[in-house]
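One structure, as C-alpha cells, below. Some questions next.
The values are calculated or read from the model by the stated rules, or taken from the named source; none is laboratory data. Not measured: the values here are computed from a predicted model. Here the Cβ positions follow ideal geometry from the backbone for every residue, glycine too, while neighbour counts run over all protein chains shown.
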C-alpha cells in the first residue's frame with residue numbers, strides 16, 4: 001500500500017516510531033521502534049533493547065506496551081493503537097493480542113519472521129475473542145532503510 | 001499421553017513448575033508456573049504475575065525465561081528446556097522461539113489460546129530456523145486442577 005493512502009496522523013505516529021528506531025541504532029541496537037497511541041496522543045515509546053538487556057524479550061513493541069501499561073495502570077490497552085517500524089514477530093503479536101490493542105500499524109514487512117501476513121497472519125489464526133485491525137507498509141522504505149543502513153555500518 | 005510415559009526427570013521438573021503455580025495462587029494470581037532446566041538443573045523459576053505487574057506480559061514463561069537470561073548473561077537459551085504447567089500462548093511460544101529454547105514440556109492443554117497444538121501449533125508454522133520439540137500432558141490433571149480450584153475459590 002502506498003504511503004499516500006495513509007492518514008496524516010498515521011504518518012506522524014510512524015515518524016515518532018522511526019525516531020525511536022533511530023535511538024535504538026544510536027545505542028548499537030537493531031533499529032526498530034514503536035509508539036502506543038491513545039485518543040490521538042502518544043502515551044508510550046520504546047525501542048529494541050535486546051543487546052542491552054540480554055533477553056530476547058525486549059523488542060520495541062514489548063518495551064512500548066510495558067510502558068503504556070505502567071502509565072495507564074492497566075494491562076488492558078483496548079482503546080490503544082500501536083505503530084511499529086517493522087512487522088511484529090510471533091511473540092509481539094501474542095502480546096498485542098493479550099493486551100487487547102485495537103489497531104496495529106507497521107512500517108516495513110519482515111519476510112522471515114513477520115506474523116502479520118508475511119510468514120502467517122496470526123491475527124486471523126490465534127486472535128479468537130477480538131478483532132485487531134492490521135495496516136502494513138506505512139513509510140516502509142524509510143523503516144527498512146534504517147535497518148539495512150545499520151547492518152551496512154556494522155559490516156564496515 | 002499418560003504421565004507414566006514420561007521420564008522421571010520430566011515429572012520432577014513439572015512438579016517444580018507446579019510449586020511455582022501454587023506460589024502464584026498464594027499471591028492471588030491465576031496459578032501457572034514454569035521452570036527453565038539446563039544440564040539437569042533448574043536454573044530459573046517463574047510464576048504468573050499479571051495482576052501484580054499490571055501488564056499482559058508477565059506470564060510464568062516470560063518471568064522464568066527473563067531470569068534464565070539474566071542468570072546466564074545471554075539471550076540465547078539453546079541448551080535449555082522449559083517446563084510449564086499450562087500450554088503456552090502465542091506470545092510465550094514466540095518468546096520460546098526467539099530465545100531458541102530446545103524442548104517445551106507443558107502440563108494441561110489450553111483449548112482457547114494454547115499455541116502448541118490446541119488452537120494451532122506455532123512451532124510448525126512460525127519456527128523457521130530451528131527445531132523445538134514439544135511434549136504436552138505431563139501431570140495434566142494436577143496442573144489443570146490447580147487452575148479450576150483457584151477459580152472455584154474466587155467465585156465463593
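Kindly check whether there is at least one residue in region A:128-137 that is in a strand (DSSP E or B), at pLDDT 95 or above, within 23 Å of residue B:59 (Cα to Cα) and more than 12 Å from every other protein chain (Cβ to nearest Cβ).
Looking through region A:128-137, none of the residues is in a strand (DSSP E or B), at pLDDT 95 or above, within 23 Å of residue B:59 (Cα to Cα) and more than 12 Å from every other protein chain (Cβ to nearest Cβ).
Checking the condition modelled with pLDDT of 95 or more, within 20 Å of residue A:132 (Cα to Cα), in contact with a helix residue (DSSP H, G or I) (Cβ under 6 Å, 6 or more places away or on another chain) and within 14 Å of chain B (Cβ to nearest Cβ), which residue from A:93, A:42 passes?
Result of the check over A:93, A:42: A:93.
Could you identify the single residue in B:17, B:64, B:108 that is under 20 Å from residue A:95 (Cα atoms) and crowded, with 24+ Cβ neighbours inside 10 Å?
B:64
Before we move on, is residue B:37 within 13 Å of the chain's Cα centre (by Cα), part of a helix (DSSP H, G or I) and under 14 Å from residue B:82 (Cβ atoms)?
No.
Just the residues that are farther than 24 Å from residue B:15 by Cα and touching a residue at least 24 places away in the same chain (Cβ under 8 Å), please, taken from region B:58-89.
B:75, B:76
Quick one: count up the residues across region B:21-34 that are assigned to a helix (DSSP H, G or I) and either in contact with a strand residue (DSSP E or B) (Cβ under 8 Å, 6 or more places away or on another chain) or crowded, with 24+ Cβ neighbours inside 10 Å (or both).
4
Exactly one of (1) in contact with a helix residue (DSSP H, G or I) (Cβ under 8 Å, 6 or more places away or on another chain); (2) within 30 Å of residue A:78 (Cα to Cα); (3) surrounded by fewer than 24 Cβ atoms within 10 Å (Cβ to Cβ); (4) within 11 Å of chain A (Cβ to nearest Cβ) is unmet by residue B:99. Its number?
Against the list (1) in contact with a helix residue (DSSP H, G or I) (Cβ under 8 Å, 6 or more places away or on another chain); (2) within 30 Å of residue A:78 (Cα to Cα); (3) surrounded by fewer than 24 Cβ atoms within 10 Å (Cβ to Cβ); (4) within 11 Å of chain A (Cβ to nearest Cβ), residue B:99 comes up short only on (3).
Quick check: is even one residue across region B:51-61 under 11 Å from the mean Cα position of the chain (by Cα) and assigned to a helix (DSSP H, G or I)?
Yes, region B:51-61 contains at least one residue that is under 11 Å from the mean Cα position of the chain (by Cα) and assigned to a helix (DSSP H, G or I).
Okay, moving on. Need the failing condition index for residue B:74 against (1) at the interface with another protein chain (Cβ under 9 Å from one of its Cβ atoms); (2) under 26 Å from residue B:145 (Cβ atoms); (3) in a loop (DSSP other than H, G, I, E, B), just the number.
With (1) at the interface with another protein chain (Cβ under 9 Å from one of its Cβ atoms); (2) under 26 Å from residue B:145 (Cβ atoms); (3) in a loop (DSSP other than H, G, I, E, B) applied to residue B:74, the lone miss is (2).
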